[in-house]
Amino acid sequence: MDEDSQPPPPQDQGCWARLPDVCLRRIFWWLGDRDRSRAALVCRKWNQAMFSADLWRYRTITFSGRPSRVHASEFASALWYVKKFGRYLEHLEIKFLNPYNAVLTKKFQVTMRGLLSCLGRNNSRLRSLSVQHLELDRMVWRSSTRSSFLKSLSCFLKKVGKHLSCLSLKGARLTVEQGCGLLGALSHPRGESTVSQLNLEDFFSHHLAVYSSARFRSTMAAFRGLSSLTLNYSCVSDELLEALCQSSAGTLWALNVKCHIHDPHGQVIWGMSWAKLARHATNLKVNFFFERVLKYERLVRILLPEVPVRSLSLRSCYFSDPDWSMRPTLTHLLPTFRHTLQKLTFEFNNHHESLDEELHLLVLSCRKLLYLKIWAFLDVKFVERVLKSQEEGQCALRTLKVRIYTNRYETNDEDRTLREIHRKYRKLIDAELNYLVIAYPMM
C-alpha cells in the first residue's frame, strides 16, 4: 500500500481537555439538566464543571397541574435537583400551573415539603424566592393540604428570612389571617424583615377588604427598608401609607398597585397621606394597573393629584359598557399627571365613541411620556399624527405599540395605509422607536 493510501491519523482530542474553564462553563450553561449529566461523564474536568456554582444560581421549577405521563417525573426531578445542587441556589422561582385535582395538589405539597426542608438545611445563599399563582382558595386545595403547605413555607421563610432580599407570593390568594401569618415568618426576633422587594399582588383572596385589617398594617410595619412593593388597592389605607413613610421612606422607589373590578376599592384615602409619603420618599414612583375599573367616578377617587404616578394601565379586556365613557378620564383626570407620567397602557373597547383626538392631545401634554401602548377602536391616521408629532419634537416616545380594532374581518385597507405610514416615517421609526402597529378585527 503506497503512502497516499494510508488512513489519516486519528485527530488529537486533547484540545477539548484544554478548553478554558470559562468557555467550558459557558457551554454547560446552555445545556439542559440531562445533557449536563451526560457531559459530566466525559472526563474529570467536565465533571468538575458540572458542579460549578455559576451554573446553578438561577432556577425555575415548573410543576404541571394536569395529570400526564410526560410530566410524571417533574416532582422527583425537582427533589433530585435541590438535593444535588440546592446549596448553590441564589434565585429560585417555583410555578404550579392550574392544578387539576386534589391528588396533584397533595403531591405538590409533599414535594414542596421535602424541597423546602432540604433547602433550609443546606442553602445559605438564597436571595430571591418566587412562588406564584398557587390560588390556594380553590376547591382543589383541601384544608389539610393547604395548611400543611403553608406550615412548610412558613418554616422555610423563618430559616432564610435573614438573608432573603426579594420575595414574590403573587396569586397565593389567602385569607388575611393566613397571609399575615406567612409574612410574619419573615420577621427577625426583633420584629423586622430584611426583604427589600415584596410582591403581594393577588396575595389575598378577592373580595377581602384588607385595608381595614389592623393585623395587616402591623405586619407590614415590620418590613423596613423596602425598595419595591407590589400589592392590590384593596390593601391600601392611610395607615399603610403612614407605616411606609416611617419604615421605608429612605429606600422606597416603586409602589405598584393593582385595582381589579372584583377587589374592594371604595375606601377613602386622603390626599395628604399620599403627599406625606411622596415628600419623605423623594424617589417614589407609583404605578397603577386597573382591570375593568374604568369609570371616571371610580378612578377620580383613587388617582388623587398628590400621587406621584409614573405608569398607568387601564384595561377593560373585551368587556363593553354603552353607559361608560373614557373621554372624561382622558381629558380631565389623566392630564393632572402630565409632569410625571412616563408609561401609558390602554386596552379598552370603545366602539361606541371616537377617542382619537383626546388620546393625541393627552400624548402631547405628557412631555415625559416614553412608552405608549393602545389597543382600541382608532382611525389609522391616529398613528400618523403621533409620528408627525414625534418628528416635530412635540413628544419623546421610545416605544409605540398600537392595535387598531376594526368591525370587519378583512383589514386590507388598514394594512395598506399602515404600510404607507411606515414607509413615510421609516427613518424616524428606525432611529428612535420600538414600533409595532397592526390592525385587528374585533368581531
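The values are calculated or read from the model by the stated rules, or taken from the named source; none is laboratory data. None of these values were measured; they are calculated from a predicted model. In this analysis, Cβ positions are derived from the backbone assuming ideal geometry, glycine residues included, and neighbour counts consider all displayed protein chains. In case anyone asks, the SASA skips ligands and DNA or RNA and just uses the protein heavy atoms, side chains included. Shrake-Rupley method; radii C 1.70, N 1.55, O 1.52, S 1.80 Å.
Cβ-Cβ below 6 Å, separation at least six or inter-chain, first residue in region 76-93 and in the same structural domain as Arg121 (by the TED database) and at pLDDT 85 or above, second assigned to a helix (DSSP H, G or I) and open to solvent by 50 Å² or more (accessible area, probe 1.4 Å): which pairs? Here the result reads Gly86/Asn122; Arg87/Asn122, each pair linking region 76-93 to a residue that is assigned to a helix (DSSP H, G or I) and open to solvent by 50 Å² or more (accessible area, probe 1.4 Å). Restricting attention to region 143-174 and to residues that are surrounded by fewer than 16 Cβ atoms within 10 Å (Cβ to Cβ) and among the charged types (D, E, K, R), the residue that is modelled with the highest pLDDT turns out to be Lys151.
Name the residue, out of Thr406, Thr399, that is within 25 Å of the chain's Cα centre (by Cα) and over 21 Å from Tyr296 (Cβ atoms).
Details: Thr406 fails: within 25 Å of the chain's Cα centre (by Cα).
None of the others qualify; the one that does is Thr399.
Conditions (1) open to solvent by less than 80 Å² (accessible area, probe 1.4 Å); (2) outside any helix (DSSP H, G or I), marked per residue:
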{"site": "Val293", "(1), (2)": "yes, yes"}
{"site": "Glu297", "(1), (2)": "no, no"}
{"site": "Pro322", "(1), (2)": "no, yes"}
{"site": "Pro328", "(1), (2)": "yes, no"}
{"site": "His339", "(1), (2)": "no, yes"}
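Of the residues that sit in region 349-378 and are in a loop (DSSP other than H, G, I, E, B) and in contact (Cβ under 8 Å) with a residue 60 or more places away in the chain, which one is surrounded by the fewest Cβ atoms within 10 Å (Cβ to Cβ)?
His351
Here region 32-48 is the region considered, the condition is being at pLDDT 80 or above and in a loop (DSSP other than H, G, I, E, B), and the residue that is most open to solvent (accessible area, probe 1.4 Å) is Leu41.
Among the residues of region 399-436, which ones are buried (at least 17 other Cβ atoms within 10 Å of the Cβ), part of a helix (DSSP H, G or I) and aliphatic (A, V, I, L, M)? Correct list: Leu418, Ile421, Ile429. Whenever a residue of region 384-398 is in a loop (DSSP other than H, G, I, E, B), its partners that are open to solvent by less than 40 Å² (accessible area, probe 1.4 Å) and of a type in the set (S, T, N, Q), lying with C-beta atoms within less than 7 angstrom and at least six residues away or across chains, give the pairs Cys395/Ser389; Leu397/Gln390.
Can you name the residue in region 238-264 that is out of contact with any Ser or Thr (no Cβ under 6 Å at 6 or more places or on another chain), part of a loop (DSSP other than H, G, I, E, B) and open to solvent by 10 Å² or more (accessible area, probe 1.4 Å) and, of all such residues, is farthest from Asn283 (Cα to Cα)? Once the filter is applied, the top-ranked residue is His262. Sub-6 Å Cβ pairs linking a first residue in region 274-287 that is without any contact (Cβ under 8 Å) to a residue 24 or more places away in the chain to a second residue that is of a type in the set (S, T, N, Q), at least 6 apart or interchain, number zero. The set of residues in region 236-265 that are farther than 18 Å from Ala278 by Cβ and in contact with a strand residue (DSSP E or B) (Cβ under 7 Å, 6 or more places away or on another chain) comprises Lys258, Cys259, His260, Ile261, Asp263, His265. Consider Gln178 against the criteria (1) at pLDDT 95 or above; (2) open to solvent by 40 Å² or more (accessible area, probe 1.4 Å); (3) part of a loop (DSSP other than H, G, I, E, B): it satisfies all of them except one. Which criterion is unmet? Against the list (1) at pLDDT 95 or above; (2) open to solvent by 40 Å² or more (accessible area, probe 1.4 Å); (3) part of a loop (DSSP other than H, G, I, E, B), Gln178 comes up short only on (3).
For region 301-319, check the following and say yes or no: at least one residue is assigned to a helix (DSSP H, G or I) and without any contact (Cβ under 8 Å) to a residue 60 or more places away in the chain.
Narrowing region 301-319 to residues assigned to a helix (DSSP H, G or I): 301-302.
The next check asks that each one be without any contact (Cβ under 8 Å) to a residue 60 or more places away in the chain; those that pass are 301.
Yes, that holds for at least one residue.
Take Ser124 and tell me if it is surrounded by fewer than 19 Cβ atoms within 10 Å (Cβ to Cβ) and either in contact with a Cys (Cβ under 9 Å, 6 or more places away or on another chain) or in a helix (DSSP H, G or I) (or both). Spelling it out, it is not the case that Ser124 is surrounded by fewer than 19 Cβ atoms within 10 Å (Cβ to Cβ) and either in contact with a Cys (Cβ under 9 Å, 6 or more places away or on another chain) or in a helix (DSSP H, G or I) (or both).
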